[in-house]
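The values are calculated or read from the model by the stated rules, or taken from the named source; none is laboratory data. As the structure is a prediction and not an experimental result, all values here were calculated from the model. All Cβ positions, even for glycine, are placed from backbone atoms using ideal geometry, and neighbour counts span all protein chains on display. To get the accessible areas, we keep the full protein, side chains included, count just its heavy atoms, and leave off ligands, DNA and RNA. Shrake-Rupley method; radii C 1.70, N 1.55, O 1.52, S 1.80 Å.
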Amino acid sequence: MTTARRGLSLLLVMGLGLAAASCGTDDKKPAGDAAGGPVTITVGCEPPKSNPKEREAWEADVATFQKAHPNITVQGKDAFPCINPDTFQAKLAGGTQEDVFYVYYTDVRKIIEKKQGADISQYVGSVGAVKDLRPDVMGVFRDGDKTYGLPRNNYNMGLVYNRKLFTQAGLDPDNPPKTWDDVRAAAKKIAALGPGYVGFGEYSAGNTGGWHFAAELYARGGSMVSDDGKTAAFNSDQGRAVLENLKKMRWDDNSMGSKQLLQWADLMRMLGGGKLGMMIGAPDVVQSVNNDFKGKFEDYGVTAVPESGGQSSLSGGDGYMFNPKASPEKIKAGLQWLEFHELTPGQGQFNYQRAKEQGRPVGLPIPDLYGNSAPGNQINALRKQYATVPVDNFAPYVAAQGNITNKLEPPKAQELYAVLDVAMSAVLTRKDADINKLLADAESKANKILAKNT
């Protein structure tokens, strides 16, 4: 996950729908408006009142958008978190989700299969930005030649490292590791700084071990499951390489510390405390460490997962789909709103000037919806112009993205991660751990889980 899985929403009734009604004739509406008459759309994931800065920004964006499109009224739905697992599936089944509803990437495929999202193919051509979106990002919302939604956020995993410790250990923080051999060498030097220093930290409990196994597997060119999603595929040369590398770092190099069975907050705390050199994580790990674990933005850098060039990186994100009951007018209006708020450099979520004025961090290299296209370059330039964090610390991560494909989590992800926690914990706590047996056992359990994946 990106460390934050944000929740947003709000109810805005600006009265502008009535104003639009008074416009009278079609020739008075602005060019490109979705419909000849007034249309109101409900939109999920509006920032809650508990997040006043983002809420203020949303309200300002709604006002700006409605001024440009007086026939469209945007009614945000304020719910935190944006997706409540206890009600989300029921809303989808009953068709009671918003006209423009918020989704995680991992839910999109099933929503399409169950016909719980509208096919927007005949309308999406009006969104000029679509042609510049990363194919691996836009592909999340496509099935064959049909399109069902648009992205809002994406991320992929990288290697987060402590630049300050790199300097102390005689390493170059501007030239972070590119291979796992580089990681091993750097980790040994950092661990040698003294008692309590850990060169490389890894998870192995609470499903986080399996999650990081998948990240390191993808970077080596491996897969968690077969192409049809029906059988496990991680009992492979790449899977063995993941575990063998960790076993060597733990027992031969002694660079991973003696405390194991770590979960999410543990590595964050170690990174914030200044004693951990490296860990696998998305760029917003740095934001969480700064905000919640007493770290400082300037002390950390991010690069790609080692050896992932030309391969894949475990990725995720979120976006919006459309209620299948939504009228064509609502779909067209919703697309106009999403193009403005989620996809336009300098506007909506990419209004970095406003974010800086509000005191929000600017400069993290996510989302990366556009890659190296013109809008992507424009967004990166705006990030740098209004940066409140040291953007150069993320330069190695940004530079690598053009040669890495985003790859989503597998089906039954959490159940598979729990199975692989066993293998991860074994190699980190038992010097005699049998990697072949661990992977074979995990494969057998995973196949039983996937067989139930209907």
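Some points to look at:
- Test: residue in region 362-383 that is at positive phi and open to solvent by 50 Å² or more (accessible area, probe 1.4 Å): no
- Residue count for region 287-313, restricted to those that are out of contact with any Pro (no Cβ under 8 Å at 6 or more places or on another chain) and more than 10 Å from G158 (Cβ to Cβ): 15
- Residues satisfying the stated conditions in region 16-50, i.e. modelled with pLDDT of 50 or more, over 17 Å from D99 (Cα atoms) and open to solvent by 50 Å² or more (accessible area, probe 1.4 Å): K49, S50
- Taking the numbered list (1) within 24 Å of the chain's Cα centre (by Cα); (2) β-branched (V, I, T); (3) open to solvent by less than 60 Å² (accessible area, probe 1.4 Å) in turn, T106 passes all entries but (3).
- With respect to being open to solvent by 20 Å² or more (accessible area, probe 1.4 Å) and on the phi > 0 side of the Ramachandran plot, N235 falls outside the description.
- Residues (polar (S, T, N, Q) and buried (at least 21 other Cβ atoms within 10 Å of the Cβ)) located in region 148-174: N153, N154, N156, N162
- Yes/no for A442 being at pLDDT 95 or above, out of contact with any Pro (no Cβ under 7 Å at 6 or more places or on another chain) and not in a helix (DSSP H, G or I): no
- Options N372, N393; residue that is part of a helix (DSSP H, G or I) and either out of contact with any Pro (no Cβ under 6 Å at 6 or more places or on another chain) or assigned by the TED database to the domain that holds D136 (or both): N393
- Total residues in region 327-352, condition in a helix (DSSP H, G or I) and within 23 Å of the chain's Cα centre (by Cα): 13
- Residue within region 242-263 that is surrounded by fewer than 24 Cβ atoms within 10 Å (Cβ to Cβ), modelled with pLDDT under 95 and of a type outside the set (D, E) present: yes
- For the criterion of being in a loop (DSSP other than H, G, I, E, B) and out of contact with any strand residue (DSSP E or B) (no Cβ under 8 Å at 6 or more places or on another chain), A381 fails.
- The lone exception for P177 - which of (1) in contact with a strand residue (DSSP E or B) (Cβ under 7 Å, 6 or more places away or on another chain); (2) open to solvent by 20 Å² or more (accessible area, probe 1.4 Å) it fails: (2)
- For A387, the test of being aliphatic (A, V, I, L, M), out of contact with any Lys or Arg (no Cβ under 6 Å at 6 or more places or on another chain), at pLDDT 95 or above and under 24 Å from R354 (Cα atoms) is passed.
- Scanning region 402-417 for any residue that is surrounded by 15 or more Cβ atoms within 10 Å (Cβ to Cβ), in contact (Cβ under 8 Å) with a residue 40 or more places away in the chain, part of a helix (DSSP H, G or I) and touching a strand residue (DSSP E or B) at 6+ places or on another chain (Cβ under 6 Å) turns up nothing.
- Filtered residue count, region 286-302, keeping only those that are open to solvent by 10 Å² or more (accessible area, probe 1.4 Å), more than 15 Å from D266 (Cα to Cα) and touching a residue at least 24 places away in the same chain (Cβ under 8 Å): 4
- First in region 116-132 and closer than 13 Å to P328 by Cβ and assigned by the TED database to the domain that holds Q89, second anywhere and aromatic (F, W, Y) and surrounded by 18 or more Cβ atoms within 10 Å (Cβ to Cβ), Cβ under 8 Å, 6 or more apart: A118/Y148; A118/F322; D119/Y148; I120/Y148; I120/F322
- Contact map, region 359-379: first residue closer than 16 Å to V130 by Cβ, second residue open to solvent by 60 Å² or more (accessible area, probe 1.4 Å), Cβ cut-off under 7 Å, separation 6 or more or different chains; pairs are G371/G402.
- Of all residues in region 78-103, those being among the hydrophobic types (A, V, I, L, M, F, W, C) and either open to solvent by 70 Å² or more (accessible area, probe 1.4 Å) or part of a helix (DSSP H, G or I) (or both) number 5.
- Within region 217-227, none of the residues are open to solvent by less than 60 Å² (accessible area, probe 1.4 Å), of a type in the set (F, W, Y) and in a loop (DSSP other than H, G, I, E, B).
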